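Note sheet for the following structure.
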Amino acid sequence: MEEWLIALDKSHELPLYEQIYRQMKRDITEQRVPVGKKLPSKRKLSEFLAVSQTTIELAYGQLTAEGYITAVPRSGYYVQDIEELAYTEPAAYTGTPVSMSRKAEIDFSPGMVDTESFPFKKWRKAAKDVIDEQAAHLLQLGDPHGDAELRAEIATYLYHSRGVICDPDQIIVGSGTEQLIPLIIRILGDGAVYAVEDPGYPLSHHVFDQGQRRAIPIPVDAEGMDTDRLLQSPATAAYVTPSHQFPTGTVLSAPRRAALLNWAAGHPDRYIIEDDYDGEFRYAGRPIPALHGMDRGDHVIYLSTFSKSLMPSLRIAYMVLPKPLLDLYRGAFIHYASTVPRIDQHMLARFMADGQFARHLNRMRKLYRKKLQLLLEQLAPYQPAVTYSGDEAGMHIIVTLALDRSEEELAEAALQADVRVYRLDSYRSGASSGSPAFLLGFGGLTDQQITEGVRRLMAAWTIKKRNSAE
């Protein structure tokens, strides 16, 4: 294939690379291009479309990241096998996180954010605009779903940034993901069987596994949740983090996204719980679209939070319920009040309406990209004894060590150096027999702490630089 007929509008506000990406993605998903077909080289396609090779490289990079095409070294790009989406109408985790009883001077926690860059003045202005005598009505209880002003801002934000199309009425505001998930569990009923990612987020798995509910660990590999294993299970609901799997950092590939949506569409009582916990922070190409945007059968329950994008202490999360579940939700929780203070809701709504939230995200995306680059630069001299993955998005990476030592032993050695790291096995349903691996979060660390933390870790683990004398 030397050409690809793509209509470009250079006067359109949508970047050229995204126009190319979208049209190629549509042609692949609609099977207009055969599986295994070789794409034009970046040079030839750039000449044919009269655009730069960088534009083609950005489009190809996004398609590769989402699994629509694959790059074969010294050969080119080829169309992946994408299962056709069936757009139909709606017809026990036992792992525990690492102990936090001992403090450390340098903590590579994946859950911390940069506090020095928070826009306190802008947040204070939002608070002053909301808190006055004219807002006395905010002292009373509001809508149990969350105040309309905030839900409207969230709906607008989701449409523009994550490709989620929903009505504000579908949005339920809560004080955290761990508070919203039990609500989902209740409306899905006692007979629901939950598939959870393995390794995965321990707190969510603990909630799913409480009482008499069944939670089935499904392995995660380089393409995300193993959908073949899911199809073989009795699960009726699947909890996934498709845009940036926690903790491995992998992206659910396009074939598995299709398979997952087809699995849910195969029965009216099947649902996908999509936790998009840090979808805003992607450093290679454009953000991976939310799975919810591909769902045409109302089978995806979308979850997200402001913990990573603003601050963990804000305690504001939200979910987008499929319309078939709204009546069930209203019936089950008609007497409930919102768990988020109304003043906090209106402060956040004002912060978003004034454009401050979008500006803050742009600044933090650049800041975290710089921190990530610094972390990778500090690790580079220790390769191949140290390798890393999951560096395209989020606020942590996975480092794997070529050492014949246990994760427990290595984590203890790190603590002796006053550094805390997080064992990958802590997020698994059972111990791994592979090489020791750790989560290194960088969001809450200064540049100096990142540099010093890596130095201490390598010394504690007796890993020398490549060019060091033996």
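Computed values, structure above
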{"read-out": "Cα→Cβ-extended label distance, 7 Å offset, between His160 and Glu412, nm", "value": "5.3 nm"}
{"read-out": "For Ser313, solvent-accessible area (1.4 Å; no DNA, RNA or ligand), Å²", "value": "90 Å²"}
{"read-out": "Apportionment of accessible area to carbon and sulfur, the chain, percent (1.4 Å)", "value": "50 percent"}
{"read-out": "Cα-only Debye scattering, region 110-249: base-10 log of I(q)/I(0) at q = 0.13, 0.19, 0.22 Å⁻¹", "value": "-0.82, -1.28, -1.38"}
{"read-out": "FRET efficiency, 1/(1 + (r/R0)^6) with R0 22 Å, evaluated for Asp190 and Phe333 via beta carbons", "value": "0.85"}
{"read-out": "Ala402-Asp132 FRET efficiency (beta carbon distance; Förster radius 51 Å; 0.05 resolution)", "value": "0.25"}
{"read-out": "Computed [θ] at 222 nm, deg cm²/dmol, the chain (DSSP H ≥ 4; -39,500 (n - 2.57); rounded to nearest 500)", "value": "-11000 deg cm²/dmol"}
{"read-out": "For the chain, diffusion coefficient by Stokes-Einstein and Kirkwood Rh (Cα), 10 °C, 1.306 mPa s, µm²/s", "value": "67 µm²/s"}
{"read-out": "Spacing of the two label points (7 Å from each Cα toward its C-beta) at Ala152 and Gln140, in nm", "value": "1.9 nm"}
{"read-out": "Cα gyration tensor, region 203-276 - rounded (a/c under 1.5), prolate or oblate", "value": "oblate"}
{"read-out": "Accessible area expressed per residue, the chain, with surrounding protein chains retained (probe 1.4 Å, Å²)", "value": "46 Å²"}
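The values are calculated or read from the model by the stated rules, or taken from the named source; none is laboratory data. A quick note: this is a predicted structure, and the numbers were derived from the prediction, not measured. Methodologically, a virtual Cβ is constructed for each residue, glycine included, from the backbone with ideal geometry; neighbour enumeration extends over all protein chains shown. The accessibility values were calculated without ligands, DNA or RNA, using every heavy atom of the protein model including side chains. Shrake-Rupley method; radii C 1.70, N 1.55, O 1.52, S 1.80 Å.
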